[in-house]
Amino acid sequence: MSFTLPELPYAYDALAPYMSRETLEFHHDKHHKAYVDKGNELIVGTGQEGKSLEEAMLWAHKNNPGLFNQLGQHFNHIHFWHWMKKGGGGKSLPGALDKSITGDLGGYDAFRDAFVKAGMGQFGSGWCWLAIDNKTGKLEITKTPNGENPLVHGKTPLLGCDVWEHSYYIDYRNARQKYLEAFVDNLVNWDYVGQLFEKGPIKLAA
Ligand code: MN3
């Protein structure tokens, strides 16, 4: 079984003006597609064909960095499209998630501040995250370089923002902070984040 590029869960112009049709056309149709195509090419002969994306990704993280770059980014982008919606963002969090954000992170405003700071603090390409630490069960804000994600560090991603320049340069040029603020304030699909929170930690055999 090979990996496939999922359709966007909304129209290309649905997220405008916060994320334009042009950005989504390049980001989904070119960048995400390239991760899928290259991942399918590099996985041949590794023994990981037919494994789930998460299992193959975790294997590649330890054994095959070139393949990991592609599979990590495929995993991240599958979720990234669902982490946004038209009319999203702001404080409309599901109750249980809101409670944990208050308990573990000090409330929504502290979350917003830490999430934007993590995205700004990631030098070069990467991602910033809201994740569950699988060991403690607590929420935390993290950042990762390139195609890495919290899963390879024993954590479960609930929300991630892509801070590769291809995600914001068309709409925001070099203003990464404006992009991060627009993502949190106007795009986050809290319903999807809440669903992942309810599912709880993803635990994979190492
Ligand atoms: Mn990207």
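The values are calculated or read from the model by the stated rules, or taken from the named source; none is laboratory data. Source: prediction; values computed, not measured. Note that we place each Cβ from the backbone using ideal geometry, even for glycine, and neighbour counts take in every protein chain shown. Calculation scope for accessible area: heavy atoms of the full protein, side chains included, ligands and nucleic acids excluded. Shrake-Rupley method; radii C 1.70, N 1.55, O 1.52, S 1.80 Å.
Quick notes
- Counting only protein heavy atoms and using a 1.4 Å probe, the accessible area of Ser125 comes to about 40 Å².
- Take the Cβ atoms of Ser125 and Thr46, set R0 to 30 Å, and the FRET efficiency comes out at 0.80.
- Where a label projected 7 Å from the Cα of Glu54 along Cα→Cβ would reach, residues of segment 181-206 with amide N under 15 Å: 195-206
- Pairs spanning more than 19 Å between alpha-carbon atoms, out of Lys51/Lys203; Lys51/Lys199; Lys117/Lys203; Lys62/Lys203: Lys51/Lys199; Lys117/Lys203.
- Evaluated with a Cβ-only charge set (Lys, Arg +1; Asp, Glu -1), segment 21-82 carries a dipole of roughly 100 debye about its Cα centre, given to the nearest 20.
- Here the spin labels are modelled as points 7 Å beyond Cα on the Cα-Cβ line, and at Glu25 and Leu5 they lie 1.3 nm apart.
- Amide H contacts under 5 Å for Trp127, placed H, 5+ residues apart: Thr144, Asn146, Val163
- Between His153 and Thr102, the FRET efficiency estimated from the beta carbon spacing at R0 = 25 angstrom works out to 0.55.
- Rounded to whole numbers, the Karplus 3J(HN,Hα) couplings from phi for segment 40-47 are 5, 6, 6, 7, 4, x, 8, x Hz, using 6.51 cos²θ - 1.76 cosθ + 1.60 with θ = phi - 60°, and x at Gly and Pro.
- Listed peptides 3-16, 47-60, 182-195 by packing density, highest first (mean Cβ within 10 Å): 182-195, 47-60, 3-16
- The portion of the accessible surface of segment 1-83 made up by carbon and sulfur, rounded to a whole percent, is 54 (1.4 Å probe; DNA, RNA and ligands excluded).
- Column: log10 I(q)/I(0), Debye, Cα scatterers of the chain, q = 0.11, 0.15, 0.18 Å⁻¹: -0.49, -0.93, -1.34
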